[in-house]
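Working notes for the structure below.
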Amino acid sequence: MAAGADYAALAPRIEEIQRRVAGKHGAAFASVAPFQNDPACTGDGATPGVRFHPTDAGHSLYARAALDALQTRWPELFSPANPRP
């Protein structure tokens with residue numbers, strides 16, 4: 001199995017572990033599952049590892065998901081005095 005295929009097969013388990021560890025430590029967690037298989041969001045490089053690296057569109061969606069998770073976890077960080085970007 002190619003490295004990219006290995007990652008694709010393991011991604012749900014990796015996310016489960018990340019979600020569990022974040023919860024255990026009270027950290028915010030943002031899933032990238034909705035974007036990781038979207039061709040507009042992932043690279044198309046020559047090696048399998050690059051194919052799963054986010055494109056500019058993917059990075060933008062990942063950042064938005066991270067901000068959403070932070071705002072859910074710590075809403076006080078985002079106020080009229082400290083607006084969300």
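In the set (1) 1.09; (2) 1.04; (3) 1.27, the label that goes with Cα Rg over 2.2 N^0.38 Å computed for this structure is (3). How far, in degrees from 0 to 90, does helix 3-24 lean away from the longest principal axis of the Cα atoms of the chain, to the nearest 10? In the chain, helix 3-24 runs at an angle near 20 degrees to the longest axis. Taking the helices alone, the chain has a mean residue ellipticity at 222 nm of -17500 deg cm²/dmol, built from -39,500 (n - 2.57) per DSSP H run of at least 4 residues and averaged over all its residues.
With the contact rule set at Cα under 8 Å and sequence spacing of 6 or more, what percent relative contact order holds for the chain? If you can, show how the numbers build up before the last one.
Values: 67 pairs, mean separation 22.4, N = 85.
Reported relative contact order: 26 percent.
Run the numbers for residue 37 and residue 8: contour at 0.36 nm per residue of separation, minus the present Cα-Cα distance, in nm.
9.6 nm
Coordinate-derived values only; no laboratory data. Predicted model only: the values in this text are computed from it and were never measured.
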